[in-house]
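What follows is a set of notes on a single structure, which appears directly below.
The values are calculated or read from the model by the stated rules, or taken from the named source; none is laboratory data. Here the structure is a predicted model, which means the values were calculated and not measured. A quick note on method: Cβ atoms are made from the backbone with ideal geometry, for glycine too, and the neighbour counts reach across all protein chains shown. What goes into the accessible areas is simple: the full protein's heavy atoms, side chains included, and nothing from ligands, DNA or RNA. Shrake-Rupley method; radii C 1.70, N 1.55, O 1.52, S 1.80 Å.
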Amino acid sequence: MASNMDREMILADFQACTGIENIDEAITLLEQNNWDLVAAINGVIPQENGILQSEYGGETLHGPVYGPTSHSTAASTPSSSSAFRHVVPSRQIVERQPRMLDFRVEYRDRNVDVVLEDSSTVGDIKHILENELQIPASKMLLKGWKSGDVDDSTVLKTLRLPKNNSLYVLTPDLPPPSSSHSGALQESLNQNFMLIVTHREVQREYNLNFSGSSTIQEVKRNVYDLTSIPVRHQLWEGWPPSATDDSATVSGLTFPCHRLTVGRRSSPVQTREQSEEQCTDVHMVSDSDGDDFEDATEFGVDDGEMFGVASSALRKSPMMPENAENEGDALLQFTAEFSSRYGDCHPVYFIGSLEAAFQEAFYGKARDRKLLAIYLHHDESVLTNVFCSQMLCAESIVSYLSQNFITWAWDMTKEANRARFLTMCTRHFGSVVAQTIRTQKTDQFPLFLIIMGKRSSNEVLNVIQGNTTVDELMMRLMAAMEIFSAQQQEDIKDEDEREARENVKREQDEAYRISLEADRAKREAQEREMAEQFRLEQIRKEQEEEREAIRLSLEQSLPPEPKEESTESVSKLRIRTPSGEFFERRFLASSKLQVVFDFVASKGYPWEEYKLLGTFPRRDVTQLDPNKSLLEVKLYPQETLFLEAKE
């Protein structure tokens, strides 16, 4: 560790070499590099711009690039003080190359890329833009610097800029580009205007975004929230001549940016008589609806007391009840109170527990998932009123949150509610995040936590404090969305692949089920067919048995065949079967025709199924009266008959 005397020498050498005149800044840089002079110089003058060398035989002294993780060790380099005694006097920076800076400058619908050395000035950028945009440099306002506003003579090196930078140009003194008159009014109402309002007394600027449909009255009310100057005591400069009525819209202002100045109108000295008259009637009528309270300067009451400390006492109810048992009921009161204070244009707060908000945001289908935004409110913070009215209630923020986020809120004003949220935070995000929130001071509230759900845990992407602007808040929300979108695309791909695998498995299972059903149906059909065949076979057998019994019965009931030498008249019948066979038999001529039918049936040809036909003349014998004799039906003395199946 260097002694105090060595540190003074190191500090002097460091300032002489780097040109940093601010002692606190120089000491901070040296402490971050453990008072290693070479490391600190190389941190300020990066190694790609030049390498410091000592005079010891041309030995190169390398130091780490300045950054939060850069540390030097005494073992790796000589003593910082002794080493620099050989470096500083010679002021040698070997092969120092100029550091180039890249700027992407946005103006309306154009983007201009500018590359300059870090030794250039802001005015040099404007001169380049003057040639590119055909806009006088004197009319440009170059915005987007991380270190605040700068002037044209500012050297870029002193701003400690990264290599890549984004800026934008405002031209409040130039009219907007001309367009056709048709629809111009509607277009201006749909545009967003940036009003740069300078508070004259404190020399502070506010960048406020308003839609073209907002009224001048709304602007004055918002400025009242920021400056505590009641509307009727606001003294304005910069309104166009057309803005004679507070109900007029801001669409008549210069687009996209208009500069205004506001101050407090001095109160006239009142006579004793006027004071006595006012004492009889303390209630004063405001010239504008925006004055919630009368300015108290005439009564000897300081504005800061009137609108600062007293304002918290005038709130009728807290944002959230203390020790609320049901988080959903607490969020209902929070939403109602938020609307009553800041209007109906605000984020849609999720009504339910934090676990339910996780479920809604993270555990649906990958395409339907969203980021979770947790808004932590604190009534005692001086930033809360501005953050709520200007940031959370900005239409662009409300729209972006509703499309891409599930927004959940909690009030940290009461100690019990604060402890309860820290417990929830520890359970869901871990002790590190909980400790980060626990160490936040009251004036750093409100906080905006951006949460992204992952497969196994919930990740806090960003913690946004209340001291921000609408543009910065939007940029950080969009940056979180870029990270989330990349993760979401991976989740969608994994989910699609998983669903594809599950679909293939379902299709295979369905095909297997259908195959089993088909096999079972086939087996059941075969069983039914076999059962039907068996049944039909049984019927056939029964029918055959029945026929055989009938045939035997008929055969037994036939009268005996008469002999050829019988003395009675005998008729000889020759019968041909359908198969071509013949069988003969003799019958008594007096026998009835039914005896012939019974004989044919006894041979297996029942007369119900077959008909017996005569030849000459051709006739159907089965149609004759079976009770007549063979002689009567002319089947005597002999006849040839044919059997034919009935149709």
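Filter the stretch 133-148 for residues that are within 29 Å of Ile41 (Cβ to Cβ) and of a type outside the set (Phe, Trp, Tyr); which is surrounded by the fewest Cβ atoms within 10 Å (Cβ to Cβ)?
Initially, the stretch 133-148 is screened for residues within 29 Å of Ile41 (Cβ to Cβ), giving 145-148.
Checking the rest, the ones that are also of a type outside the set (Phe, Trp, Tyr) come to 146-148.
Values: Lys146: 9, Ser147: 10, Gly148: 7.
If we take residues in the stretch 133-148 being within 29 Å of Ile41 (Cβ to Cβ) and of a type outside the set (Phe, Trp, Tyr), then Gly148 is surrounded by the fewest Cβ atoms within 10 Å (Cβ to Cβ).
Among the residues of the stretch 600-621, count how many are closer than 22 Å to Leu552 by Cβ and in contact with a helix residue (DSSP H, G or I) (Cβ under 8 Å, 6 or more places away or on another chain).
Residues of the stretch 600-621 closer than 22 Å to Leu552 by Cβ: 600-610, 612.
Right, trim to in contact with a helix residue (DSSP H, G or I) (Cβ under 8 Å, 6 or more places away or on another chain) and you get 601-604, 606-607, 610, 612.
Of the residues in that region, 8 qualify.
Quick one: is Ser571 farther than 21 Å from Arg551 by Cβ and in contact (Cβ under 8 Å) with a residue 40 or more places away in the chain? Please lay out each step first, then the result.
Working: farther than 21 Å from Arg551 by Cβ: yes; in contact (Cβ under 8 Å) with a residue 40 or more places away in the chain: yes.
Yes: the conditions hold for Ser571.
If we only count strands (runs of 3 or more DSSP E) wholly inside the stretch 401-507, which ones have 1 or more residues that are surrounded by fewer than 17 Cβ atoms within 10 Å (Cβ to Cβ) and not β-branched (Val, Ile, Thr)? Explain how you work it out, then say what you get.
On the way: elements: 405-411, 447-453, 458-464.
Correct list: 458-464.
How do the pairs read when you match residues in the stretch 543-557 that are in the same structural domain as Ser602 (by the TED database) and free of Cβ contacts under 8 Å to residues at least 40 places away in the same chain with residues anywhere that are surrounded by 10 or more Cβ atoms within 10 Å (Cβ to Cβ) and among the aliphatic types (A, V, I, L, M), using Cβ under 8 Å and keeping only pairs 6 or more apart or on different chains?
That search, which allows pairs on different chains as well, returns nothing.
Kindly provide the set of residues from the stretch 437-448 that are more than 24 Å from Leu401 (Cα to Cα) and either acidic (Asp, Glu) or touching a helix residue (DSSP H, G or I) at 6+ places or on another chain (Cβ under 9 Å) (or both), ordered by number.
Scanning the stretch 437-448 gives Arg438, Asp443.
Any residue in the stretch 592-600 that is part of a loop (DSSP other than H, G, I, E, B) and either more than 60 Å from the chain's Cα centre (by Cα) or at pLDDT below 90 (or both)?
Initially, the stretch 592-600 is screened for residues part of a loop (DSSP other than H, G, I, E, B), giving none.
Looking for residues that are part of a loop (DSSP other than H, G, I, E, B) and either more than 60 Å from the chain's Cα centre (by Cα) or at pLDDT below 90 (or both), one finds none in the stretch 592-600, hence no.
Against the definition (of a type outside the set (Asp, Glu), open to solvent by 20 Å² or more (accessible area, probe 1.4 Å) and within 16 Å of Arg259 (Cα to Cα)), how does Arg204 come out, yes or no?
Numbers: of a type outside the set (Asp, Glu): yes; open to solvent by 20 Å² or more (accessible area, probe 1.4 Å): yes; within 16 Å of Arg259 (Cα to Cα): yes.
Here the answer is yes, as Arg204 does meet what is asked.
How about the stretch 600-647: which of its residues are among the basic types (Lys, Arg) and open to solvent by less than 70 Å² (accessible area, probe 1.4 Å)?
The first filter runs over the stretch 600-647 and keeps only residues among the basic types (Lys, Arg), leaving 603, 611, 618-619, 628, 634, 646.
Scanning the stretch 600-647 gives Lys611, Arg619.
Would you confirm whether any residue within the stretch 363-379 is at pLDDT below 90, of a type in the set (A, V, I, L, M) and touching a Ser or Thr at 6+ places or on another chain (Cβ under 8 Å)?
Looking for residues that are at pLDDT below 90, of a type in the set (A, V, I, L, M) and touching a Ser or Thr at 6+ places or on another chain (Cβ under 8 Å), one finds none in the stretch 363-379, hence no.
Within the stretch 541-574, work out how many residues are surrounded by 13 or more Cβ atoms within 10 Å (Cβ to Cβ) and either among the acidic types (Asp, Glu) or in contact with a Lys or Arg (Cβ under 8 Å, 6 or more places away or on another chain) (or both).
8
Can you name every residue in the stretch 358-380 that is surrounded by 23 or more Cβ atoms within 10 Å (Cβ to Cβ) and among the small types (Gly, Ala, Ser)?
Answer for the stretch 358-380, where residues must be surrounded by 23 or more Cβ atoms within 10 Å (Cβ to Cβ) and among the small types (Gly, Ala, Ser): Ala361, Ala373.
Every residue, every condition in (1) modelled with pLDDT under 75; (2) assigned to a loop (DSSP other than H, G, I, E, B); (3) of a type in the set (Gly, Ala, Ser), yes or no:
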| residue | (1), (2), (3) |
| --- | --- |
| Leu208 | no, no, no |
| Asp225 | no, no, no |
| Pro240 | no, yes, no |
| Ala243 | yes, yes, yes |
| Thr261 | no, no, no |
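So which residues in the stretch 102-113 are buried (at least 18 other Cβ atoms within 10 Å of the Cβ) and farther than 11 Å from Thr171 by Cβ?
Of all residues in the stretch 102-113, those buried (at least 18 other Cβ atoms within 10 Å of the Cβ) come to 103, 105, 107.
Of everything in the stretch 102-113, those that are buried (at least 18 other Cβ atoms within 10 Å of the Cβ) and farther than 11 Å from Thr171 by Cβ turn out to be Phe103, Val105.
So, in the stretch 546-581, how many residues would count as being within 23 Å of Tyr636 (Cβ to Cβ) and of a type in the set (D, E, K, R)?
8
Could you check the stretch 226-265 and list, in sequence order, the residues that are charged (D, E, K, R), under 19 Å from Gln203 (Cβ atoms) and touching a helix residue (DSSP H, G or I) at 6+ places or on another chain (Cβ under 7 Å)? So that I can check it myself, show each step before the final result.
Residues of the stretch 226-265 that are charged (D, E, K, R), as a first pass: 232, 237, 245-246, 259, 264-265.
Then keep just the ones that are under 19 Å from Gln203 (Cβ atoms); that gives 237, 259, 264-265.
Selection gives Arg264, Arg265.
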